[in-house]
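The values are calculated or read from the model by the stated rules, or taken from the named source; none is laboratory data. Note that this is a predicted model, so its numbers are computed, not measured. Note that each Cβ is placed from the backbone with ideal geometry, even for glycine, and that neighbours are counted across all protein chains shown.
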Amino acid sequence: MKKYWQVLSLLILTIFLIVITTPLVSSQGESSWDKNLKNTLEIVQAQANSQSDEEIAPEISEQQANPQSNQQDFPVVLDGETLFNFSSKVEGIPAKDRAERVSIRIEKVAKNFVIPVDSIKIEEFEGLKLISTEEQLLLAVTKSDAQVANRPLDELATEYLQKVKEAITQYREERGTERLFQNILTWVFDTAVAIVLLIVLRKIFNLINRRIEAWRGTRFRPLSIQTWQLLSVDQEANLFLGLLKIIYWVIVAVIFFVYFIAIGHYFPQTENWAEAILGSFLTALEIFGKALLAYLPNLFTIVLTLVVTFYIIRFSRLFFNAIDSGTLSLPGFDQEWARPTARLTTILICALAFATIFPLLPGAKSPAFQGLSIFVGALFTLGGASAIANLVGGIVIIYTRAFRVGDIIELDKFKGQVHEKTILSTRIRTLNNEIITIPNATLTNSSIVNYNATLRELNEPMVVRANITLGYDVPWRLVERVLVEAASTTPGILEEPSPYIKIISLDDFYVNYELRAYTNKIDKLRTIYKELPQNILDKCNEAEIEILSPHYSAVRDGNQNTIPEDYLPKGYTAPGFRVHLLDQLFNQGKFDANLREKGNRDVNGE
């Protein structure tokens with residue numbers, strides 16, 4: 001209520017300032033006016049303009065013969081009320097200026113409470129009727145005025161005098177002390193009524209608000225169609241509370257509007273202001289009503305389009321949700337496409353609805369609205385090329401089934417697990433636990449390796465590879481046995497299909513071996529690629545295989561073995577340099593045969 005008292009206090013102060021400026025008594029009269037009215041310029045001009053009846057008759061007859069030649073009427077007004085009209089002019093003074101001057105003079109006399117109304121009389125001067133006070137000429141009634149009004153001059157002057165007196169009397173009564181205090185009392189009463197109405201209104205709406213809050217768990221029920229919930233209990237209650245608040249403020253606005261218009265009519269200083277506001281409001285209301293009636297067919301089409309669009313979108317979502325959950329299947333339509341297709345279908349349906357509604361919107365054909373549409377279109381055309389490319393790329397990725405969320409993929413210089421897939425970009429979580437955002441347009445221009453696709457689509461395990469190079473002095477069968485054992489001891493590697501060895505190349509100094517094993521634990525690739533090389537090292541050391549690709553000749557003190565000491569037999573002593581006798585050089589074939597026999601024993605585990 002504090003804000004209401006503040007508004008009312010400001011209103012009271014404003015009206016008080018208006019009241020104290022009311023001219024109850026004008027102590028100063030107008031500048032003295034020479035009582036000899038016959039010497040004024042206006043009388044001379046009026047006399048010059050006055051004509052005999054014979055001279056005026058042809059002119060009147062011509063006007064009656066041709067009504068379109070009649071002069072326009074200009075009103076003489078006081079306090080917004082028209083007293084009478086001037087159609088003829090005094091020579092040199094048009095009828096419009098004449099009416100304005102007379103209106104100003106009458107208003108000055110009305111404001112001067114010292115001048116009695118009874119002092120306003122009619123004086124005759126050379127065929128003119130002059131309406132004036134003792135010191136102020138108000139107007140002159142000429143024969144041409146009588147001819148235009150088609151009435152005798154004396155009767156017309158008497159009527160004008162009576163209207164002037166009545167208008168001045170009413171003007172002074174409305175601004176008199178007695179009337180002023182009556183208006184103030186009425187204003188105080190209306191203010192009290194407005195305050196009481198606001199208080200009662202507030203209490204009523206607070207009561208309704210509390211009742212709606214109490215109905216949350218009793219009266220309100222979820223609004224649903226079968227299993228599809230449209231509104232929950234809280235949403236229904238909040239909807240009613242929102243509507244209640246809107247209704248409350250509309251009623252408050254109406255109360256304030258009626259209050260201000262009512263008190264504006266109580267004081268002459270604000271009556272015109274109140275009339276102008278009320279007239280503007282009624283005019284605007286009339287224009288709005290006519291426009292609304294004219295717009296009803298378009299409004300009905302818009303509402304019908306929105307309702308149909310709403311239910312089509314709901315039906316499409318139910319349809320695609322059934323596909324996504326596996327309840328419904330379509331030949332050639334992948335289950336993964338359900339959600340993105342639902343989104344694209346919603347966008348297309350909304351676009352068609354907007355295209356239907358747009359021409360029916362108010363002002364759609366106005367130059368401002370069309371200019372705004374062109375500006376938005378140019379904005380999308382010039383600045384949205386990359387966004388459109390990413391959008392198209394996202395659609396291509398979805399319908400080519402390149403990957404899914406959770407798949408491990410590799411492209412160009414990135415490798416990791418798909419963390420999120422949107423219509424514009426894809427986020428990948430690398431093996432270093434980094435999140436990389438890649439625009440979809442970049443993905444469509446790259447070759448993507450999907451490590452999950454084989455297992456998911458062909459139901460076949462993924463191949464894990466590991467490369468190692470060993471010298472020619474290590475038998476390949478021994479290498480195969482060791483590497484297969486290393487793969488078999490690695491968690492996640494399948495026994496069937498069994499791991500195998502492939503010789504990639506026979507290079508100048510070493511043999512390039514590749515271990516190929518199978519796994520269906522795609523989510524454990526990081527662990528597999530971590531433990532497999534470790535197991536290869538352990539198994540090679542256990543088999544006394546020296547992982548050394550002899551690109552160079554090494555002369556080592558004592559021919560020390562490079563196998564870690566933990567794997568060497570106890571009491572191992574590094575051998576010295578071998579010195580062969582000359583006869584061994586000539587029996588090289590026998591030496592090579594002994595070496596091959598030793599290698600076979602190593603392979604057989606002897």
Members of segment 235-257 that are of a type in the set (V, I, T) and in contact with a Leu (Cβ under 9 Å, 6 or more places away or on another chain)
I251, V252, I255
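In segment 109-220, which strands (runs of 3 or more DSSP E) lie fully inside it and hold 2 or more residues that are of a type outside the set (K, R), buried (at least 16 other Cβ atoms within 10 Å of the Cβ) and at pLDDT below 85?
Working: elements: 121-125, 128-132, 137-141.
It comes to 128-132, 137-141.
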Among the listed residues A441, A389, identify the single one that is of a type outside the set (S, T, N, Q), more than 22 Å from I528 (Cα to Cα) and at pLDDT below 80.
A389
From the list T327, T346, T341, which residue is without any contact (Cβ under 8 Å) to a residue 40 or more places away in the chain, within 30 Å of E457 (Cα to Cα) and loosely packed, with under 13 Cβ neighbours inside 10 Å?
T327
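Conditions (1) in contact with a strand residue (DSSP E or B) (Cβ under 8 Å, 6 or more places away or on another chain); (2) crowded, with 17+ Cβ neighbours inside 10 Å; (3) assigned to a loop (DSSP other than H, G, I, E, B), marked per residue:
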position	(1), (2), (3)
P362	no, no, yes
G371	no, no, no
E410	yes, no, no
I436	yes, no, no
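Taking the options F281, F319, F315, F310, name whichever one is out of contact with any His (no Cβ under 7 Å at 6 or more places or on another chain), surrounded by 13 or more Cβ atoms within 10 Å (Cβ to Cβ) and without any contact (Cβ under 8 Å) to a residue 40 or more places away in the chain.
Details: F281 fails: surrounded by 13 or more Cβ atoms within 10 Å (Cβ to Cβ); F315 fails: surrounded by 13 or more Cβ atoms within 10 Å (Cβ to Cβ); F310 fails: surrounded by 13 or more Cβ atoms within 10 Å (Cβ to Cβ).
Checking each option against the conditions leaves just F319.
For (1) in contact with a His (Cβ under 8 Å, 6 or more places away or on another chain); (2) assigned to a strand (DSSP E or B); (3) closer than 25 Å to R429 by Cβ, each residue gets a yes or a no:
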position: R481; (1), (2), (3): no, no, no
position: A486; (1), (2), (3): no, no, no
position: E496; (1), (2), (3): no, no, no
position: I501; (1), (2), (3): no, yes, no
position: A517; (1), (2), (3): no, yes, yes
position: K524; (1), (2), (3): no, no, yes
position: P533; (1), (2), (3): no, no, yes
Restricting the search to segment 468-483, which residues are surrounded by fewer than 21 Cβ atoms within 10 Å (Cβ to Cβ), in contact with a strand residue (DSSP E or B) (Cβ under 7 Å, 6 or more places away or on another chain) and closer than 13 Å to I501 by Cα?
T469, W476, E480
